[in-house]
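Asker: Right, I'll just put the structure down here and ask away after.
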Amino acid sequence: MIRVALVDDQPLFRGGIAMILSSQPDIDVVAQESSALSLAQMVRDAAPDLILMDVRMPGIDGITATGQLLAEFGASAPKVLVLTTFDVDEAAARAIEAGASGFVLKDAQPDFLLASVRAVADGSQVVAASATRQLFERHGSRGTDPGPEFQTLTAREREILLRAATGLSNAEIADTEFLSEATVKTHISRILAKLSLRDRVQLVVYAYEHGLV
């Protein structure tokens, strides 16, 4: 069961999303908030696995709230999937840099929203990978050299990191590298652990920030 919390200042939109999510047997909407002001307390009380959060809200926006969550809860923080109006939005890029696990458009089809929630909860793939790449290509990257953690990766792991950073799925990486999907998934898990990254989206951020792609 995926425990989801909703944070959006539009009651009708928030209610509609809650209905879509609650209709699924594997998703439980455990909390709803109209702002991020009490987000930390909500996380402690409801213990969501994932937060669907509007990137633009009065008071504390989704970017700031995401950063605060990671600062307070660290590795135990729930994953954040931000809701945005535009597929190429600097705010969405900043939310990902702050620690969000991806973003989904507010006008997305219900099936895509549900698939995105499940993907982020599973941590197995990048949500809207092409749009994520487009964001970082548009807004640039720092291009700093990777730290010593990068040297802990094997040659194969570096190859797979670059494949994943360009948006390839596990199946596509498996076909390209002549590996099984299970082997690719194992490599991805090891890469994330060695680089202290939360998920595939953070892997993309890492690659762009350090000029690897």
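FYI, it's all coordinate maths here, none of it is from the lab. These numbers come from a predicted model, not from an experiment. Quick reminder, even Gly has a Cβ in these numbers, built from the backbone with ideal geometry, and neighbours come from all protein chains shown.
Asker: Would you please calculate the Kirkwood hydrodynamic radius of the chain over all C-alpha pairs and express it in Å, rounded to one decimal?
Answerer: Hydrodynamic radius (Kirkwood, Cα only) of the chain equals 17.5 Å.
Asker: Another question about this same structure. Given Cα pairs under 8 Å that are at least 6 residues apart, what percent is the relative contact order of the stretch 2-138?
Answerer: This gives 21 percent for the stretch 2-138.
Asker: Given the -39500 (n - 2.57) contribution per DSSP H run of 4+ residues, what per-residue ellipticity at 222 nm results for the chain, rounded to the nearest 500 deg cm²/dmol?
Answerer: After summing the helix terms and dividing by the residues of the chain, the value is -15500 deg cm²/dmol.
Asker: Over the stretch 143-209, what per residue volume does the convex hull of the Cα atoms give, in whole Å³?
Answerer: So the per-residue hull volume is 75 Å³.
Asker: Next question, about the same structure. Using a simple spin-label model with points 7 Å from Cα along the Cα→Cβ vector, what separation in nm is obtained for Thr152 and Glu172?
Answerer: Taking the simple label geometry, Thr152 and Glu172 are separated by 2.8 nm.
Asker: Now, a different point. Of Gly62, Ile17, Ala47, whose Cα points farthest to the positive end of the dipole of the chain (charges on the beta-carbon: +1 Lys, Arg; -1 Asp, Glu; origin at the Cα centre)?
Answerer: Value computed over the given set: Ala47.
Asker: Give the aspartates and glutamates whose C-alpha is closer than 14 Å to that of Lys194, dropping any in the same chain fewer than 8 places away, or say none.
Answerer: Partners within reach: Glu149, Glu157.
Asker: Sorting His210, His187 on the 10 Å Cβ count, fewest up front, what's the list?
Answerer: Working: His210 17, His187 23.
Least to most surrounded, the residues fall as His210, His187.
Asker: For Thr152, Thr144, what's the fewest-to-most ordering of other Cβ within 10 Å of each Cβ?
Answerer: Thr144, Thr152
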